[in-house]
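Worksheet for the structure shown next.
Please treat every number below as a calculation from the coordinates, not as lab data. Being a predicted model, the structure only gives us computed values, none of them experimental. Methodologically, a virtual Cβ is constructed for each residue, glycine included, from the backbone with ideal geometry; neighbour enumeration extends over all protein chains shown.
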Amino acid sequence: MPVDKSWMQSGRSSEDYFVGVESFLNYAYNHVKPDDSKIFCPCSKCSNRYRHLRYEVHKHLLYNGIKLTYTTWYLHGEGEDEDIDESDDSDESDESDSDNDGHDVASMEQDDDMHV
């Protein structure tokens, strides 16, 4: 079932936005490892470059707003639960998806360690 993201377009002072931030945080923390207390912050300033604790991400989203172009929450678990169509025998998508082998995420985590 798709996640409701209409709140992202609402004004930061609206009830819809506030409730949406709570929903986002619940969604994100339902998709992290049990021992992980930090997530990437999708606020307009951090732009998913830095990892913070829940209360910090909450504060950033309320003060800075969410990055409006972050429409697929891939760093927060979206897409992990989706069924994969195994009937597609194409190798093209496999090759293009493995080009960076996760190096971008690793470099973002290193950057975060420098800003703690």
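Of note:
- Which of D36, D16 has the fewest Cβ neighbours within 10 Å, and the rest in rising order: D36, D16
- Ordered by the number of other Cβ atoms lying within 10 Å of each residue's own Cβ, fewest first, F18, F40 fall into the sequence F18, F40.
- Scattering curve values for the range 1-79, log₁₀ I(q)/I(0), Debye with Cα scatterers, q = 0.19, 0.20 Å⁻¹: -0.74, -0.82
- Extension gain, D16 to E56: 0.36 nm times the residue separation minus the Cα-Cα distance gives 12.4 nm.
- Y27, Y55 arranged by Cβ crowding within 10 Å, fewest neighbours leading: Y55, Y27
- Counting Lys and Arg as +1 and Asp and Glu as -1 over every other residue whose Cβ lies under 13 Å from the Cβ of V19, the net charge comes to -2.
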